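A short worksheet on the structure shown next.
Laboratory data are not the source of any read-out in this text; all were calculated from the coordinates shown. On a predicted model such as this, the values are computed, not experimentally measured, just so you know. Glycine gets a Cβ as well: all are built from the backbone with ideal geometry, and neighbour counts include every protein chain shown.
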Amino acid sequence: MSDFFAMTLARVAAGLRAGEFSSVEVTRAVLERAQRAQQRSNCFLEIDAQGALAAATAADAARARGEPLGPLHGVPLAHKDMFARAGRTVSYGSRVRPRHAPAARAAVLERLARAGAIELGTLAMAEFALGATGHNAAFGDCRNAHDPAYIAGGSSSGSGVAVALGAAYASIGSDTGGSVRIPAAANGCVGLKPTFGLIPRTGSMPLAPSIDVLGPVTRDVADLALVLQVIAGFDAGDRQSSRRTPPDYAGALAQGVRGLRVGIPRSGFFEVATDEVRSALDRCVRDLRAAGAVIVEVEVPNVAPMAELSRAIVYAEATGLHASWLRARADRYTPQVRVRASTGLAIPAPIYFEALQLRQPLLERFVTTVFSRCDVLHTPLLPISLPRRDETDVGGGARMWDILAKLVHCTAPFNYLGLPAIAVPAGRDGKGLPIAAQYVARPFGESTLLRVAAAQQQAQPPFAPIDF
């Protein structure tokens, strides 16, 4: 069929279960698309055509035998190269450590496999997830799906690009400072940073274990709800994963937003946004009001210190994890990442421990101050237009540092607080590049985020896969 790429994940899954088409047909089409996407964007580290087609053949045979089918049966996905895959190599986007083949599979990949999903290969990422732009001097930069001259976002670069290009129906990445939401926003996708602990990290590469979360990227909000239902929930391998029973995320989408309070922060976010971003987000607010949401202004605690506290934790923990490799093989790191991985050496232990100790009281203050007035907070995701890759590469000059700081200005505070946040497409700028809104909810408020995201998507349909 020629219209596979126009279909949502949910539509493809339903068609496969009903026998309208086979998993082999879909997988062959997506593999062909993936090869072309790789030439355009360098979004894959590896495409496993043989393995994917073997899995698709097995999926079709299982259906023919009348076996029970999972919600993602026969659907091709691809994920960031930071997850253990039994018997398959993983690189973490780097040439520092020898490629190795873990004996077990990461919990999220195991859950997706049990739901019937097929894996196409591994996706590009910033080296060791230390970067928000998509640059990778070890394996080559991942380039924006809409215009390769612009950044793909990071560190889950390949996740945003592959989904936007129709080379995978969904992808799992990680988010420690915005690393799911930024590439989702940069490429016109939906990306969720869940509440800390909602999705288990067993078998995934750690960057900063006190802050790391995993999250899905899709083109469609309903698709994201479907994937989240599969991967959320406690796993004994991650002692920080939540024992809460995940709610019915797909069911939440039908609830709409009538009466839901959407908070607009009086300070902290929109001051740094460009006119184009503010205009796009104003339209989102009008659409939500038209759908029945109640728009309120809210005072928000100063988030700038939270971004710095987050930075202290991330770099202290990252340097601790990399210390032995930095001593033994520093020359194998690419220069930019070697500096980032060493930054924690300049963070005194008292500062690190203070940053950890302040999290809970600052979270309680934020929840009390903000979510007593609203149900969801509305902010920019990226407050500036997407920069070019050459502006944010090594040698980009003094302006580069200002750009890099602005890329995480609206995302990093919510990593520190552990709150759920979602990136939703909100139109295009004058260059045709995506703009995104961000919505933030109280802990374990993912259902509320999905309701708001679905209402925004209804008013502003999601981007179709890019024609290339």
| query | Share of Cα-Cα pairs in region 32-90 beyond 13 Å, in percent? | reply | 70 percent
| note | Sorted by chain and then number, the residues having a modelled amide H within less than 5 Å of the amide H of Ile295, at least 5 places away or on another chain, are Val262
| query | Among all helices in the chain defined by DSSP H, which have a length of 18 Å or more along the axis from Cα atoms plus a Kyte-Doolittle mean of at least 0.0? | reply | 49-64, 304-329, 349-371
| note | Per-residue ellipticity at 222 nm attributable to helices in the chain (runs of n ≥ 4 DSSP H, -39500 (n - 2.57) apiece, nearest 500 deg cm²/dmol) works out to -12500 deg cm²/dmol
| remark: Around Pro206 (Cβ within 14 Å, Cβ-to-Cβ, excluding Pro206; K/R +1, D/E -1) the net charge comes to 0
| task | Would you mind classifying region 1-120 by shape? Square roots of the alpha carbon gyration tensor eigenvalues, ordered a ≥ b ≥ c; an a/c under 1.5 is rounded, otherwise it is prolate if a/b is larger than b/c and oblate if not. | result | oblate
| P(r) for the chain: what percent of alpha-carbon pairs falls in each 10 Å bin, starting at zero? | 4, 22, 34, 27, 11, 2, 0
| task | Provide the net charge surrounding Gly74, with neighbours chosen by a C-beta distance below 14 Å and charges set as Lys +1, Arg +1, Asp -1, Glu -1. | result | +1
| note | Checked region 81-233 with the C-alpha gyration tensor, a ≥ b ≥ c its square-rooted eigenvalues, rounded below a/c of 1.5, otherwise prolate if a/b is larger than b/c and oblate if not; verdict rounded
| message | Under 5 Å between amide hydrogens, which residues at least 5 positions from Ile435 or on another chain qualify, with H placed 1.01 Å from N in the peptide plane? | response | Ala426, Gly427, Arg428, Asp429
| remark: Computed over all unlike Cα pairs, the Kirkwood hydrodynamic radius of region 220-286 in Å stands at 15.5 Å
| For Lys193, which lysines qualify as cross-link partners when the Cα separation must be under 26 Å and same-chain residues fewer than eight apart are set aside? | Lys80, Lys406
| note | Here the relative contact order (percent) of region 4-459, from C-alpha pairs under 8 Å and at least 6 apart, is 16 percent
| query | Restricting the count to DSSP beta bridges whose residues both fall in the chain, what percent are antiparallel, rounded to a multiple of 5? | reply | 70 percent
| remark: The residues Ile422, Ile313, sorted from fewest to most surrounding Cβ atoms within 10 Å, come out as Ile313, Ile422
| note | Along region 132-141, Karplus-curve 3J(HN,Hα) (6.51, -1.76, 1.60; θ = phi - 60°) to the nearest Hz, with x for Gly and Pro, reads 10, 10, x, 5, 8, 6, 7, 10, x, 5
| Residue by residue, what Karplus-based ³J(HN,Hα) values in Hz, rounded to whole numbers, does region 180-189 have, using 6.51, -1.76 and 1.60 with θ = phi - 60° and x for Gly and Pro? | 9, 5, 5, x, 4, 5, 5, 10, x, 10
| message | Nothing charged except the Cβ atoms of Lys and Arg (+1) and of Asp and Glu (-1): what's the magnitude of the dipole of region 36-164 about its Cα centre? Round to the nearest 20 debye. | response | 200 debye
| field | Which of Ile172, Ile231, Ile351, Ile403 has the fewest Cβ neighbours within 10 Å, and the rest in rising order | value | Ile351, Ile403, Ile231, Ile172
